[in-house]
Amino acid sequence: MRKIFFVVPILLVVAGIAWAQGGMKKHKPLPYEFGTVTINNYSQQAGMPPVVFDHWVHRQYYTCRLCHVDVGFGMIAGSTKIRSADNMKGYYCGTCHNGEMVHNKKRIFESCAKEYSREEFKRCVKCHTFEKRAAKEDEFYRFSEKMPSERFGNRINWEAAEEKGLIKPVDYLEGVSSKKSHLKVNPDFAIKTKVEGMPDIIFSHKKHTIWNGCELCHPDIFIGVKKGTSKYSMVDIFDGRYCGVCHEKVAFPQTDCQRCHTKPPQG
Amino acid sequence: MTVRSSVILPLVGLAVLLWSGSGHGETNDREELGKVLHVMPPNGPFWKYGNVVMRRKSKKAGMTPVVFPHWIHRTKYTCRVCHLELEFGMRSGDTGVTRAQYLAGKYCGVCHDGKIAFSVLDGDPSKCEKCHMKDTRALEERFEKFAEKLPAASFGNGIDWAKALRDGQIAPFNSIRAERSVMQFPDKLKVPLKLGTTSPRSDVTFSHEDHFAELDCSSCHPDIFKIKREGTEFFSMKNNIYGNYCGACHMRVAFPMNDCRRCHAKMSGSSGY
Amino acid sequence: MKAFMQTGRKIKILAMAGCISLFIVMQAAYGAESWRTEFDATCSQATDAMALSVPELQKLIERCVSLQKIIEREEETVRKVYLKRLQMCKKFYIFVLDSKIREQKPQ
C-alpha cells in the first residue's frame, strides 16, 4: 500500500514532463476560476494560506483603473508585494477593506490583523483560503445568470453588462482618486493584420479608456508613441505581452478570435 | 480477450513506454514506435474508432457508461460546434457532463432536447439506453449501413472524412448559433504549409484550409501549436503518437497516425510498420 | 459645589488638551495634505494630456520630479503607493510629450 505514495508522485512528475513540452490542450479555467490570482509573497511565511483574489467579484463594482492606477496595484501577479501592515494602514486592499467603508448598504470587511484570535480567523480565511470554495462557486453562478453571456472567460460579457446598466463600476474613491476632468476619447482605429485576408482588428479607445484611463497602458504596456510603432504579433500576445497582459488572464481570452478580428478585409 | 483487458493492455503499454521514453534524451527506434502503433486502439474495428466511453459520472450514478460515437455526430456538425461552441473538452474526462447539466440544456442537452434530437425529457426510459448503451451491437450494425456511401480510407473509421466534406457528401453545420458567423478564412493560409522532416521524402504538406473547415483557430492555437516556428525539438513523431500536437486529434478521432501517407505523402510503401 | 468646581476644571483641561491635540493632528494632516493636493493637481491632468501644449507638459513633468523628492521622505507604505502612482503619471506625460514633439517634427 505504501508503494502507492511512491509511485503516484513519480507518475505525476513523468506526466508533468510530458505536459511541459507543450503541444497539448491546456486545462481551461472554469468560468468562476477565470481571472483568479493567487498572491503568495508573504502569506506562507506568516503561516497563512495564500490569498486567492477573484477579479469577477471586484470588477462588477469598480473599474480596472481604480485599483490598478489609483490604489496602486501592479499588473503582474505578485508584483505589488502587499504586506498586511500596508493593508492595516489603509492602503492596497485596506483602502476599501477597512471595516468602515460601506458598499451596497453592506460594510466591507476589514483586511488583515496583527494576530489572530478564533474570532478574527473567520475574517482571515475570507481571503487566505486554500480549499475549493463551493460557496464562492454558487455565488458566481447566481451572479452570472443575470449577466449577458459570452463564450469564454467568465462567460460574462462585462462590456454589455455595463451598457445595460446591470453593473455600474465606480471610478472614483474619495481621498484616494485624483479629481479628473471628463476624458476626451480618441477615435477608434483599425489595426492591420499581418496575415493577408485576416479580418482587421478594430481597436476601441472608448471601450478601453472608460475602464482603464490612459496611464495604465501607456507607456508600460504599449511603448510606441506613434501609431504603429509598437510592433507586435500574435506570438507576443500569446506570450502575455501587449494585449495579452489583460486579455487571457482577466479580460476575455484570446480564444475569442472574433471579438477583435471584426473588420472584414477591404478589396 | 475481455473488454476490460483490451482497454488496460494498451494503456499499460503506453504508460511503460512513456515512462521509459520521457525525461531521457534518447529517441525511440522505429521498431519501438511500431510496437506503440500496434498496441494503440486505431487498429480496432472501424465502427469502434472515435467512440468515447464516458464512465466517470455514469458509474457514480449507477448507470451503464455512455458510448459516444464521433462518427454519427461528425456528419451533422463540424468539430468546432461541439468543442468550441458547446464547450466540450478535447480530452476525455475533462468536461464531466452531469445529468443536471444535460437537463438544463447544456452540453449534449443543446441538441438532445427532444426537438433537434432525441431526449429523455419525454419520459420514455428506453431513451436512456440510447446513450447509456448496454449492448453496442445495434451501433455496430448501424455503422455498416452508414459507412457504405462514404469514401473509403484504410484506417480509423475506414472513412475519408476530409474527402467526404470536400465533395459535399456530408454537409455538417459549422455553427449552432445562427447569430455568430464563422470567421472568414484568410487567403494567405490557403497556401499549404510545408513541414520539413529529416528526409525530404517524408515531408508533410499541411492544409490549413482542410482543418479550418472543421475547426476554429483557437482549437489549435496557441495551446497545441504556438504560432512561432521553433524547430522540431519537441515536435517529434514520438510526441505526436503520445497524443501531443497532431496526436491530440489524429490518434483517437481524426484519422490515426498509422495512416502514414495521409500526411507524409511521398513516403514509400514499406515503412517498416 | 466643590465637586462641581472640580468637574468644571476638568472639563476646561480636557477641552484645552482636546484643542491642542486637534491642532497637532490638523497640522500633521495639513502638512500631509499639501503634497497630496499637489499630487492630485499634477496627476489629475492625465485625462487632458493629449490637449496640452509642449511647455505645459514639460512643466507637469518638472512638478512630478519635485513631488518625487517630497514623497521619498514619507513613511514606507505611502512611499511605495505614491511613488508608483507618480511614476505612472510622469511616464505618461513623457509619453505624450514625446508623441507631440514627434508630431511637430515632420511638418
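List of remarks:
- Entirely in the range A:23-124, the helices (runs of 4 or more DSSP H) that have 3 or more residues that are within 26 Å of A:Pro253 (Cβ to Cβ): A:55-59
- If you go through the range A:157-170 and pick out every residue that is among the small types (Gly, Ala, Ser) and assigned to a helix (DSSP H, G or I), you end up with 2.
- Considering B:Gly158, B:Gly168, B:Gly196, the condition of being closer than 23 Å to B:Asn258 by Cβ, modelled with pLDDT of 85 or more and not β-branched (Val, Ile, Thr) is satisfied by B:Gly158 alone.
- Some residue of the range B:129-146 being touching a residue at least 60 places away in the same chain (Cβ under 8 Å) and touching a helix residue (DSSP H, G or I) at 6+ places or on another chain (Cβ under 6 Å): yes
- So B:Ser218, is it exposed (fewer than 13 other Cβ atoms within 10 Å of the Cβ) and either outside the structural domain of B:Leu86 (by TED's automatic domain parsing) or in a helix (DSSP H, G or I) (or both): no
- One residue stands out in the range B:161-175 among those that are more than 14 Å from every other protein chain (Cβ to nearest Cβ), in contact with a helix residue (DSSP H, G or I) (Cβ under 9 Å, 6 or more places away or on another chain) and assigned to a loop (DSSP other than H, G, I, E, B): the one that is farthest from A:Ser149 (Cα to Cα), namely B:Gln169.
- Residue list for the range C:48-106, filter: in a helix (DSSP H, G or I) and of a type in the set (Asp, Glu): C:Asp48, C:Glu56, C:Glu62, C:Glu76, C:Asp98, C:Glu103
- Selected residue (criterion: nearest to the other protein chains (Cβ to nearest Cβ)) from residues of the range C:61-103 that are in contact with a Gly (Cβ under 8 Å, 6 or more places away or on another chain), without any contact (Cβ under 8 Å) to a residue 12 or more places away in the chain and not aliphatic (A, V, I, L, M): C:Lys84
- Filtered residues of the range B:176-215 (kept if hydroxyl-bearing (Ser, Thr, Tyr), in contact with a Lys or Arg (Cβ under 8 Å, 6 or more places away or on another chain) and either part of a helix (DSSP H, G or I) or within 12 Å of chain A (Cβ to nearest Cβ) (or both)): B:Ser202
- When the residues of the range A:182-216 are filtered to those that are within 17 Å of the chain's Cα centre (by Cα) and closer than 16 Å to A:Cys243 by Cβ, the one that is farthest from the other protein chains (Cβ to nearest Cβ) is A:Lys207.
- In the range A:72-92, residue nearest to the chain's Cα centre (by Cα) [restricted to those that are within 12 Å of A:Ile39 (Cα to Cα) and of a type in the set (Lys, Arg)]: A:Lys81
- Which numbered condition A:Ala160 misses (of (1) farther than 30 Å from C:Thr37 by Cβ; (2) crowded, with 18+ Cβ neighbours inside 10 Å; (3) hydrophobic (A, V, I, L, M, F, W, C)): (2)
- Residue list for the range C:50-76, restricted to those being of a type outside the set (Asp, Glu) and in contact with an Asp or Glu (Cβ under 9 Å, 6 or more places away or on another chain): C:Arg63, C:Ser66, C:Leu67, C:Ile70
- Some residue of the range A:145-156 being loosely packed, with under 13 Cβ neighbours inside 10 Å, touching an Asp or Glu at 6+ places or on another chain (Cβ under 8 Å) and either assigned to a loop (DSSP other than H, G, I, E, B) or away from chain B (no Cβ under 14 Å) (or both): no
- Scan of the range B:83-99 for residues that are away from chain A (no Cβ under 12 Å) and either modelled with pLDDT of 95 or more or surrounded by fewer than 18 Cβ atoms within 10 Å (Cβ to Cβ) (or both), ordered by number: B:Thr98, B:Arg99
- Failed criterion for A:Lys132 (all others in (1) basic (Lys, Arg); (2) part of a helix (DSSP H, G or I); (3) farther than 24 Å from C:Lys84 by Cα hold): (2)
- Test: residue in the range B:110-123 that is within 17 Å of B:Leu86 (Cα to Cα) and in a helix (DSSP H, G or I): yes
- Filter result for A:Cys67 (buried (at least 19 other Cβ atoms within 10 Å of the Cβ), over 25 Å from C:Thr47 (Cβ atoms), modelled with pLDDT of 95 or more and within 13 Å of chain C (Cβ to nearest Cβ)): no
The values are calculated or read from the model by the stated rules, or taken from the named source; none is laboratory data. On a predicted model such as this, the values are computed, not experimentally measured, just so you know. Methodologically, a virtual Cβ is constructed for each residue, glycine included, from the backbone with ideal geometry; neighbour enumeration extends over all protein chains shown.
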